[in-house]
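Take a look at the structure set out below.
The values are calculated or read from the model by the stated rules, or taken from the named source; none is laboratory data. It should be emphasised that the depicted structure is a prediction, and the values quoted were computed from it without experimental measurement. Because the Cβ atoms are built from the backbone with ideal geometry, glycine has one as well, and the counts that use them run over all protein chains shown. Accessible surface areas use protein heavy atoms only, side chains included; no ligands, DNA or RNA. Shrake-Rupley method; radii C 1.70, N 1.55, O 1.52, S 1.80 Å.
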Amino acid sequence: MKKNCVILVILLAFFCAACGSSSKSESGEDTANDENTVNDEDQSDSQPDEEVVEPICLTPKSGPYKMKFTDISEEMGIKKLNALGTQITVADIDGDKWPDVYTSLASKTREDQNEPKNLYKLLRNVKGQSFEDVTFSSGLFKGKDGTNGVASTYVVFADMNNDGFQDALNVVYVDNDTLSNENFKEDYSHVYLGNGDGTFKYAGGSFTYDELFEAIAGATFLDYDHDGIIDLFIGRQYNRYGELYSCEPDTLMKGLGNGKFQDVVDGTTGLETEKFNEENALEGKFNKPTWGVAACDVDGDGFADIMTSSYGRSYNMLYKNKGNGTFDDLSISSNFAHDDNENYVDDQFFACYCEDASHKDTEYCSISNGALIDCSGIGTSGWTEGFSDQPYRLGGNSAGTLCGDFDGDGDTDLFQIELAHWHIGQASDKSQLIINDNFPEKPLKRLSEEESGISRKRTGSWNDGDLGGFAADFDNDGKLDIYILSSDYPGTKSMLFQQQTDGKFTDIAQDAAAQVARAHGGAFVDIDRDGDYDLIVGTSFMRWAATDADASKKPEKQWIKVLRNDTGQDANKVIIDISGTTANRDAIGAKIIVKAGGKQFVREVQGAYGLNGFQNDHLQIIGLGEICEVEEIEIRWPDKENTVTKYDKVFANYVLEINQETGLKHHKIEEYFAK
């Protein structure tokens, strides 16, 4: 329960003009000095009326706080709606400020409107009390001919035409196996433009080569050139599973402002790759089986950098955005490509290769510890001398990258999400925290599991099935926590790593009732609009067999889970609903710096990311813990001028509606999100 301090004096807070602002040129130098920040004496008759705001202070002790989640799936109507899903994305499709939810079983075939197989759902949030199924009434799944039920592997959202409404990219994952499936009806990935009322219309040929008809495993929105229009970066998987030579290049597509996109990778951007060969292998300049993609400002220059996560143990890629439409490939020099353990001595494919009579007594195999598996069904097929032992094959099966200031020093750190298996051995990367300490002057620093605390018990034939996750401050104590979704192998469950006072992390998922078996996809979202992030989690039935230890807990269907956060609302926080004008309307790429209690709390507004479309609540909730007084909020906008706006009359525990043009306005939570 919230506790208000008794404060008798009514204080004043002002719109943007009253709070003060400054801007920076493209070179980053201030064009307005601190003494030019607008203050009370600078007000004129033409400026907005003053806000009268009564401070609200909560009085928790210092965090971290004991977390507790409650499963409210039943009361939200999940089973009644047959809301199934491995993947979850979140967006406000109708502009009512309540987050709506898309769920998907990642299918590549069509849905039947008359007899739904529940392959996907679009659920309207009815003021945090229930969901309404608007799948077919939305128009989001209509084909060119107006027929409802086109295929939908996953959907990601952004305002692509800057009209204030969320638009959608419906991705249909198409590889060679898909094309040979007799149930595939040649549905393509397209853009659908939002009408603002929860309905969508087909945008026509959205891409320069009409439609995207490819194995698109990941998609992220960014404004790479700061022209105020959302751009799109896509990552492509194998066209034929397991065949490196079948991979096509990842692509940056420039937004044209009308829901259409143009491929700009033309040989000059620095993003170029080509089919694998011995010459481009060591430098990583080859097409990879990309799973996850992400965009955030790692080097702190205001421009979103691009990261890709590769399956098949290939290099992960980090492209530094130079701000002029080109990128520097810093994948290897940054220490992002993979971890530094390239020891394959315990790789069981290597061991089986060396069990073969023709290799057993060679010097090459002298380091082998011997096989711990039955090699009769494998032979030498899993290992190629001179290829499998190279750095570009000794990384991880990487699923995605999380961006966030995990150590609280003001810059963007990373968390890399990885699949890992006992039989691949120590060279295979595991999910890992990567700390930024003055990048790019210094390489990124990978923390061991002992250093970060992000670890787990591994015994026997273990598998880490980490496929996604998110970074958010769930208890609002001011420190980012990490939720990892792990699936597809026996015993895998989601993990909630809460950051402790010493900066290390502890898995509290089970005690907090936030642990979900076979958690595959999900989102953090303030579903009930009470000022903290709740969880929505999707599950997979992959390899969930009757012999599993937890087989008795397997649900009848892959219903999504809605877990309400019953902790974070009791701490102080800043809640920001942000929108751009000269920056893109969603303000994707904007950096928010909250200065309070002598500390800085930094967040970057991010769009979709990861494998098969992770997308979280656009509402920015920044925990302050026991701190109540906010000294200043600074917004660094991703526009041509790299504008910086500062607000110094700000109060916590309100919704701060920040518009780049009209400024800041305080709203009581219960009034802004009226029920």
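Ignoring aspartates and glutamates fewer than eight residues from K121 along the same chain, the ones with Cα atoms less than 14 angstrom from its Cα are D100, E111, D112, E132, D133.
Over region 50-122, the Kirkwood radius and the radius of gyration, each from Cα atoms, give a ratio Rg/Rh of 1.18. Accessible area per residue (1.4 Å probe, heavy atoms of protein chains only) ranks L447, L256 as L256, L447, with the largest value leading.
Farthest towards the positive end of the charge dipole of the chain, among the residues T643, T178, G503, is the Cα of T178, using unit charges on the Cβ of Lys, Arg, Asp and Glu. Dimensions of region 217-368 along the principal axes, based on C-alpha atoms and rounded to the nearest Å, stand at 63, 32, 23, largest first.
A probe of 1.4 angstrom, applied to the heavy atoms of all protein chains, finds K185 with accessible area near 110 square angstrom.
Solvent-accessible surface (1.4 Å probe) assigned to K640 amounts to roughly 110 Å². Spread over its residues, the convex hull of the C-alpha atoms of the chain is 158 Å³ per residue. Under the convention that each Lys and Arg Cβ holds +1 and each Asp and Glu Cβ holds -1, the size of the dipole of region 518-675 around its Cα centre is about 540 debye.
In the context of the full protein assembly, Y311 retains an accessible surface of approximately 40 Å², using a probe radius of 1.4 Å and ignoring ligands and nucleic acids.
For K288, a cut-off of 13 angstrom between C-alpha atoms picks up these aspartates and glutamates, skipping any fewer than 8 places away in its own chain: E243, E248, D250, E272, E274. The loop-placed GluC sites (Glu not before Pro) in region 402-465, going by DSSP, that have at most 10 neighbouring Cβ atoms within 10 Å of their Cβ come out as E441.
Per-atom-type breakdown for the chain gives carbon and sulfur 46% of the accessible area (1.4 Å probe, protein chains only). Candidates I378, G284, V265 compared by Cα position along the dipole of region 244-386: farthest toward the positive end lies V265, with charges placed on Cβ.
In this Cβ point-charge picture (+1 for Lys and Arg, -1 for Asp and Glu), the chain has a dipole of about 2260 debye about its Cα centre.
Quick one: compute the contact order of the chain, relative version, from alpha carbon pairs under 8 angstrom and 6+ residues apart, as a percent. Averaging sequence separation for qualifying contacts and normalising by length gives 17 percent for the chain. Dividing the Cα radius of gyration of region 380-444 by its Kirkwood radius returns 1.10 for Rg/Rh.
The phi torsions of region 453-470, fed into the Karplus equation with coefficients 6.51, -1.76 and 1.60 and a -60° offset, translate into couplings of x, 8, 9, 7, 6, 10, 9, x, 8, 7, 9, 9, x, 5, 10, x, x, 7 Hz, rounded to whole numbers, with Gly and Pro shown as x. For the chain, what is the calculated [θ] at 222 nm in deg cm²/dmol (nearest 500), taking -39500 (n - 2.57) for each run of four or more DSSP H residues and dividing by its residue count? Taking each H run of at least 4 residues, the total per residue is -500 deg cm²/dmol. Separation of region 575-594 and region 421-447, taken as the distance between their Cα centroids, equals 30 angstrom. Eigen-decomposition of the gyration tensor built on the alpha-carbon atoms of region 289-396 gives equivalent ellipsoid semi-axes of 38, 12, 10 angstrom, largest listed first. Taken per residue, the accessible surface of the chain reaches 39 Å², heavy atoms only and a 1.4 Å probe. In a fully extended conformation the segment linking D301 and K144 would gain 52.3 nm over its present Cα-Cα distance, using 0.36 nm per residue.
Within a straight-line Cα-Cα reach of under 16 Å, K557 can be paired with the following aspartates and glutamates, leaving aside sequence neighbours fewer than 8 residues apart in one chain: E74, D488.
In units of the compact-protein estimate 2.2 N^0.38 Å, region 487-635 shows a Cα radius of gyration of 1.23. Note on region 345-435: with charges restricted to the Cβ of Lys and Arg (+1) and Asp and Glu (-1), its dipole about the Cα centre is near 320 debye. The residues D511, D530, sorted by heavy-atom accessible surface at 1.4 Å with ligands and nucleic acids left out, run D511, D530 from largest to smallest. Mean sequence separation of contacting Cα pairs (under 8 Å, at least six apart), scaled by the length of region 326-461, corresponds to a relative contact order of 25 percent.
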